[in-house]
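Taking it in order: structure first as structure tokens, then the write-up.
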Amino acid sequence: MGTVVLYASKTGFTKKYAEWIAKGLKCQAIPLDKVDQAAIDQAEVIVFGGGIYAGRINGLKKMQKYLAKWSNKKFIVFATGAGSEQTEEVERVKSSNLSQNQDIPFFYFRSGLNYEKMGFKDKLMMKCFVTILKKQKNKSEADQKALEAMEKSYDVCDQAKIKDLINCVNRV
């Protein structure tokens with residue numbers, strides 16, 4: 001069974017997870033903008049990953065265009081983000097990005113923020129969000145912790161988190 005990992009990464013976190021997953025599956029990790037048709041043709045399983053930006057998984061829309069063409073392949077999606085790993089948040093990301101009638105396994109990996117690699121729009125959006133949080137009165141402890149985390153770059157990637165995705169692919 002052949003597997004390929006495709007990914008869209010703006011700041012490097014998704015790339016890091018994609019490379020860990022590919023190493024664990026002994027396959028290639030390929031940036032979405034450099035999709036190799038030969039690798040896709042040989043693969044029975046396609047793992048796709050993208051970072052979450054404003055609730056959307058980066059690159060997923062482009063991947064979904066390929067789904068009809070690749071209907072004979074098993075498709076697995078992972079997303080990376082700075083948000084919480086709480087079940088309701090992860091479910092919200094899944095339901096807003098994947099159709100309810102698609103039986104696609106979904107995994108979320110907490111990653112971090114990298115202001116140095118962010119584009120202007122993303123930095124501006126984060127700055128606005130931080131400003132709004134700062135102005136909020138009666139912040140909860142969770143809001144205060146989130147605010148402190150968003151004020152600077154950080155990396156909380158954890159290679160151990162990919163275990164369930166690797167097991168999912170191996171069960172296919």
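Need at least 1 residues that are touching a residue at least 40 places away in the same chain (Cβ under 8 Å) and open to solvent by less than 60 Å² (accessible area, probe 1.4 Å) per element, so show me which helices (runs of 4 or more DSSP H) inside the range 1-95 make the cut, counting only ones lying wholly within it.
Here the list reads 13-25, 60-67.
Out of Leu133, Leu124, I need the residue that is open to solvent by less than 30 Å² (accessible area, probe 1.4 Å) and over 20 Å from Tyr7 (Cβ atoms). Which one?
That would be Leu133, the only listed residue that is open to solvent by less than 30 Å² (accessible area, probe 1.4 Å) and over 20 Å from Tyr7 (Cβ atoms).
So, Tyr108, is that one surrounded by fewer than 17 Cβ atoms within 10 Å (Cβ to Cβ), under 20 Å from Thr14 (Cβ atoms) and modelled with pLDDT of 80 or more or not?
On the way: surrounded by fewer than 17 Cβ atoms within 10 Å (Cβ to Cβ): no; under 20 Å from Thr14 (Cβ atoms): yes; modelled with pLDDT of 80 or more: yes.
When the stated conditions are applied, Tyr108 does not pass them.
Can you work out which of the residues in the range 136-172 that are of a type in the set (Val, Ile, Thr) and touching a Ser or Thr at 6+ places or on another chain (Cβ under 8 Å) is most open to solvent (accessible area, probe 1.4 Å)?
Only one residue tops the list, namely Val156.
The values are calculated or read from the model by the stated rules, or taken from the named source; none is laboratory data. Predicted model, so just to flag it, every value in this text is computed and none were measured. Don't worry about glycine lacking a Cβ; one is built from the backbone with ideal geometry, like all the others, and counts go over all protein chains shown. Calculation scope for accessible area: heavy atoms of the full protein, side chains included, ligands and nucleic acids excluded. Shrake-Rupley method; radii C 1.70, N 1.55, O 1.52, S 1.80 Å.
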